[in-house]
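The values are calculated or read from the model by the stated rules, or taken from the named source; none is laboratory data. Just so you know, these numbers come straight off a predicted model, no measurement behind them. Don't worry about glycine lacking a Cβ; one is built from the backbone with ideal geometry, like all the others, and counts go over all protein chains shown.
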């Protein structure tokens with residue numbers, strides 16, 4: 001049951017920086033984009049492990065920021081175990097920390113756990129970590145596999161969600 005995410009469309013908070021690294025989680029936000037756009041979540045023979053509607057969103061965000069003069073790049077994940085950001089290995093987190101050193105800000109496309117994972121990974125780095133999405137709820141979905149091996153997600157319901165920040169003891 002993935003979170004249903006709402007993208008933060010107002011990019012003004014990101015435009016104040018000279019350079020931004022977009023850090024996408026490829027699970028909940030991608031599933032949300034597929035459900036909201038009524039498009040397949042996965043089409044392994046066309047895009048392997050990429051969701052067309054989510055990739056379109058990332059490309060659009062990158063283009064809008066570059067149009068405002070912001071140097072922008074995307075932190076890419078190519079292996080399946082790297083897709084769920086809140087479950088990244090220490091090696092993946094170190095790769096992000098190293099890559100983030102040449103950026104002023106990181107825009108995290110993921111849930112609150114993903115944002116916290118990125119903050120923990122890059123600290124004590126000077127770059128700012130900003131959310132690029134908000135969690136709306138938890139989706140109950142039904143996967144549907146087509147003859148072309150495309151995986152679509154049919155939304156059954158959305159449950160309420162409340163984020164409780166962890167407190168240092």
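Looking only at residues in the stretch 19-49 that are assigned to a loop (DSSP other than H, G, I, E, B) and within 12 Å of the chain's Cα centre (by Cα), which one is modelled with the highest pLDDT? Ranking the qualifying residues of the stretch 19-49, first place goes to 25. Selection of the stretch 138-155 for residues being over 13 Å from residue 42 (Cβ atoms), at pLDDT 85 or above and surrounded by fewer than 15 Cβ atoms within 10 Å (Cβ to Cβ) yields 140, 142, 154.
Tell me, which residue of the stretch 1-18 that is in contact with a strand residue (DSSP E or B) (Cβ under 8 Å, 6 or more places away or on another chain) and assigned to a loop (DSSP other than H, G, I, E, B) is farthest from residue 163 (Cα to Cα)? It comes out as 18. Once the stretch 156-169 is narrowed to residues that are assigned to a loop (DSSP other than H, G, I, E, B) and farther than 26 Å from residue 23 by Cβ, the residue that is modelled with the lowest pLDDT is 169. If the condition is being within 23 Å of residue 117 (Cβ to Cβ), in a strand (DSSP E or B) and either within 13 Å of the chain's Cα centre (by Cα) or without any contact (Cβ under 8 Å) to a residue 12 or more places away in the chain (or both), then the stretch 130-148 contributes 130, 131, 133, 134, 135. Residues of the stretch 110-127 that are crowded, with 16+ Cβ neighbours inside 10 Å and part of a helix (DSSP H, G or I): 112, 113, 114, 115, 116, 117, 118, 121, 122.
Scanning the stretch 71-109 for residues that are assigned to a loop (DSSP other than H, G, I, E, B) and either surrounded by fewer than 19 Cβ atoms within 10 Å (Cβ to Cβ) or modelled with pLDDT of 85 or more (or both) yields 75, 76, 78, 79, 83, 84, 88, 89, 101, 102, 103, 104.
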